[in-house]
Amino acid sequence: MTSNLAKILIITALIATLAACSTTSRLAEGEVLYTGVKKIQYNQPDSVKIADEVKDLIFTAVDVKPNNPLYSPYIRSPFPIGLWVYNHWDENSKGLKGWLYKKLVAKPVLISRVRPETRVNMINELLQSNGYFDSHSSYSLNYSDKNPKKAKITYEVNVRAPYTLGDISYINEDTPLSNLIDSVARNNKYFKTGSRYCLDSLNNVRIDIANQLRNRGYYFFRPEYIEYLADSVTQKGVINMQLIKSANIPNQASIKYLSNDITVRVNDEKLGGTPDTVVEKYCTIIKMQPVHVSDKLINSCIRGRKGRPFRVGNMDLIQMYLARTGIFSNINIQATPHDTVLDNGYGLIDLDVACTLDKPLELKVEAKATTKSTSFIGPGLGLGIKHKNIFGGGEQLSADLTAAYEWQTGKGNAYKNSDFNSYQVGIEVGLSIPRLLAPRFIDRARRYTNWTKFSIGGEFMNRPKYFKMARVSAEMTWEWHSRRYSQHKLTPFKLTYSNLLSTTAAFDSAYFHNRAIAQSFDDVFIPQMSYTYTLDRTFGKNNFVWSTTVTEAGNLCYLIWRACGVEKGNMHILNTYFSQFIKAHTQLVWTRALFGEHQLVTRVFLGAAHAYGNYEEVPYMEQFYIGGSNSLRGFAVRTVGPGSYRPQVLDRNSYYDQTGTFKFEANVEYRFPLFGYLKGAIFVDAGNVWLLKDDEFRPGGKLEGKNFFKELALNTGVGLRFDMGMIVLRADLGIALHAPYNTSKKGYFNIPKFSDGLAFHIAIGYPF
């Protein structure tokens, strides 16, 4: 206790000393350290409200990060390490000190570099372009009372009522092009009398007109061919607008084009070959043989029909559909107009699509070093090979081999005396077809790749001194989108066989007294069907991802066996019982963008499983557990629950007791940037698992409403994330606050010692 107190006092003294040291000693005469923005002061009459999007633009204009920002540009960290190093260390230092200097140093951000007068000019330009013509801004420096070489900036924005659009006039020429321009402009939501004048919005109107015209045959039309005549003299605060065509519109931009021939050229740069021409329904395909690609696949990616108005959007769709097959390394589309115009005034455009095949084989090697919350450590290896175009239609054939070895370090509270080494190996072979081989009544969106997947795999697990187990499985799955934000996954068939190959006397004695636990490890067939629905929607600063999965096992087999007259106790597959249960779980993840890169992420999970009919217990692999790096981070995985149950002796065997058939979990995590790729997090987790049936050997494990909240485990904690975009390395320190079982300490916060409630987790990816 004394040594710990001494360390705390030393660290506190160092921090205080660092904070007290000057961070401006190397500044030249007249230089001032920029310490952020004090405030942005808006002054306007009560009747005037500045638009939020304009405020956001002004904030962006003045958001210059000071040194060691905590919440830029307003709040700085109290520990300016980089500035302290810059001011007090020699930049020519060698060795370790020189290396530390380069890593830690931060040059001072000066007022002269921020250029507040330039920021004011930017604000004035923003006000003018957004209709606030009589408005202006200014700035002032707020020098520090303790150090005149430090200053914050206050920006003052004086806002007057914005100008609005008055009378709007259109081209009103009786020609197909002018009529179409007028029609699009009249339907634009912004281009209405009473809208606030905004230069960006007016430009967006021109872009909207050009985009719609280019999708109606006017391929060469551009936004700059539309102009405005503005009149701000007639009435104060009102601008009358007239839409006109530019005087220099080229003749080509006024011609409406029709789709003509579409040619797709497929080659492999390494193979070369001779051309082979095939005429399909929607295109002509020229393949440099021996290119291996399906003609029907290419034809299905073509959008745009001969003789119909040429649409730029069809070019984008062709590019997207060909790219999502995953078999091309390069796709280039070129539109070529004919030199002559048809008698009816229409032009013709040919499309030439050049595709280069990618390498068909993809190899994957993954080496993993794991440290788990259960104090297991060990290496893992994953090997995979995939052919991305096995049958020429984008079908993917893959084979994956995984292997892992784990050993117990002896540091986990629940496993202090255990000798629990293990290894497992697995293999899976899969075939993924980029088409939905399913009944036509299933609603599917063609804009997305819909998959039919088949797989077969096996896994062998060895827990020395306890058991050896093998599992084999085969399944078929459909994955499709019905809408942009709705994804479906249906597994009409999955069969798993779990076989407990051998056990030891220690394992048998541990579970002899509890048939419910032992039965979950019995040899069993699991014939399953499952369905998952995922909704991913974004509303402003809020993103919601809701997923629900419903699984049933054994019911179809049960009905067939019963129809054949087989009694309940005699229902087998190859002399092995098949499991019968229903399981469902749902999860909602809500992400709220706060400011900058700051986010508040909330997750709620609810799940239940119930065995009945042909089998009394839900198989162990289908039960719920809680705790660990992606769950309750103040507890080790499978060390909480069910309910208030806690094993009498916390040994290696308790690891298998602490699962349940009902689960509730809630998490809240505040995520914020630190510097560079490094992010921080503060989190709170709560949850538990329960049993839906009584188990006399796990007292307190059954779900009861009166004890629900009392039996929710609770923890808080902090974390660091090294987020490089494609990969996230995560470290979380969880602090347990409340355990659902008796800990010998009274009160809600019942963790006996602070050190008992600490759990450190290392993981890849965000927890949710």
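The values are calculated or read from the model by the stated rules, or taken from the named source; none is laboratory data. What you see is a predicted model; the values in this text were computed from it and never measured. Cβ coordinates were reconstructed from backbone atoms using ideal geometry, including for glycine residues, and neighbour counts include every protein chain displayed. Side chains are part of the model used for accessible areas, which takes the heavy atoms of the whole protein and leaves out ligands, DNA and RNA. Shrake-Rupley method; radii C 1.70, N 1.55, O 1.52, S 1.80 Å.
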A careful count of residues in the stretch 562-576 that are touching a residue at least 40 places away in the same chain (Cβ under 8 Å) and open to solvent by less than 80 Å² (accessible area, probe 1.4 Å) gives 3
In the stretch 421-447, which residue that is in contact with a Phe, Trp or Tyr (Cβ under 6 Å, 6 or more places away or on another chain) and part of a strand (DSSP E or B) is most open to solvent (accessible area, probe 1.4 Å)?
423
Quick one: count up the residues across the stretch 441-457 that are under 20 Å from residue 533 (Cβ atoms) and more than 26 Å from the chain's Cα centre (by Cα).
2
Provide a single number: the residues in the stretch 206-239 that are in contact with a helix residue (DSSP H, G or I) (Cβ under 6 Å, 6 or more places away or on another chain), among the β-branched types (Val, Ile, Thr) and either open to solvent by 50 Å² or more (accessible area, probe 1.4 Å) or farther than 30 Å from residue 255 by Cα (or both).
1
Whichever residue in the stretch 104-124 is among the charged types (D, E, K, R) and touching a helix residue (DSSP H, G or I) at 6+ places or on another chain (Cβ under 9 Å) and, among such residues, is nearest to residue 232 (Cα to Cα)
119
Counting only residues that are under 16 Å from residue 116 (Cα atoms), without any contact (Cβ under 8 Å) to a residue 60 or more places away in the chain, in contact with a strand residue (DSSP E or B) (Cβ under 9 Å, 6 or more places away or on another chain) and not in a loop (DSSP other than H, G, I, E, B), the stretch 20-69 contains a total of 1
Which of the strands (runs of 3 or more DSSP E) found entirely inside the stretch 245-304 contain at least 1 residues meeting this: in contact with a Gly (Cβ under 6 Å, 6 or more places away or on another chain) and free of Cβ contacts under 8 Å to residues at least 60 places away in the same chain?
284-289
Just the residues that are modelled with pLDDT of 95 or more and not hydroxyl-bearing (Ser, Thr, Tyr), please, taken from the stretch 137-147.
141, 142
Can you pull out the residues in the stretch 212-232 that are among the basic types (Lys, Arg) and within 19 Å of residue 191 (Cα to Cα)?
222
Complete set of residues in the stretch 739-768 that are open to solvent by 10 Å² or more (accessible area, probe 1.4 Å), over 19 Å from residue 603 (Cβ atoms), out of contact with any Lys or Arg (no Cβ under 6 Å at 6 or more places or on another chain) and in contact (Cβ under 8 Å) with a residue 24 or more places away in the chain
740, 742, 756, 758, 760, 762
In the stretch 178-205, the residues that are open to solvent by 50 Å² or more (accessible area, probe 1.4 Å) and within 34 Å of the chain's Cα centre (by Cα):
189, 200, 203, 204
May I ask you to list the residues in the stretch 443-454 that are in contact with a strand residue (DSSP E or B) (Cβ under 7 Å, 6 or more places away or on another chain) and not charged (D, E, K, R)?
445, 448, 450, 451, 452, 454
Please pick out the residue among 685, 695, 723 that is in contact (Cβ under 8 Å) with a residue 24 or more places away in the chain, touching a helix residue (DSSP H, G or I) at 6+ places or on another chain (Cβ under 7 Å) and not basic (Lys, Arg).
695
Every residue from the stretch 476-492 that is free of Cβ contacts under 8 Å to residues at least 40 places away in the same chain and either outside any strand (DSSP E or B) or open to solvent by 50 Å² or more (accessible area, probe 1.4 Å) (or both):
483, 484
Filter pass, residue 503 being open to solvent by less than 60 Å² (accessible area, probe 1.4 Å) and of a type in the set (Val, Ile, Thr):
yes
Only one residue in 644, 579, 631 is over 30 Å from residue 103 (Cα atoms), open to solvent by 30 Å² or more (accessible area, probe 1.4 Å) and small (Gly, Ala, Ser). Which one?
644
Going by the conditions given, is residue 331 open to solvent by less than 60 Å² (accessible area, probe 1.4 Å) and either under 12 Å from residue 262 (Cα atoms) or of a type in the set (Ser, Thr, Tyr) (or both)?
no
On the given criteria, is residue 83 surrounded by fewer than 16 Cβ atoms within 10 Å (Cβ to Cβ) and at negative phi?
no
Would you mind finding the one in 298, 286 that is hydrophobic (A, V, I, L, M, F, W, C) and open to solvent by less than 30 Å² (accessible area, probe 1.4 Å)?
298
When the stretch 301-319 is examined, which residues are found to be surrounded by fewer than 15 Cβ atoms within 10 Å (Cβ to Cβ) and closer than 23 Å to residue 357 by Cβ?
316
The stretch 149-177, subset buried (at least 17 other Cβ atoms within 10 Å of the Cβ) and of a type in the set (Gly, Ala, Ser), residue farthest from residue 127 (Cα to Cα)
151
For residues in the stretch 363-399 being modelled with pLDDT of 80 or more and more than 30 Å from residue 266 (Cα to Cα), which is farthest from the chain's Cα centre (by Cα)?
383
Over 19 Å from residue 51 (Cβ atoms), polar (S, T, N, Q) and in a helix (DSSP H, G or I): which single residue out of 242, 212, 235 fits that description?
212
State the number of residues belonging to the stretch 700-729 that are farther than 16 Å from residue 665 by Cα, within 33 Å of the chain's Cα centre (by Cα) and open to solvent by 40 Å² or more (accessible area, probe 1.4 Å).
8
Search result, residues across the stretch 49-72 that are open to solvent by 80 Å² or more (accessible area, probe 1.4 Å), among the charged types (D, E, K, R) and within 27 Å of residue 164 (Cβ to Cβ):
49, 52, 53, 56
Which ones in the stretch 448-458 are over 30 Å from residue 320 (Cα atoms) and open to solvent by 60 Å² or more (accessible area, probe 1.4 Å)?
456
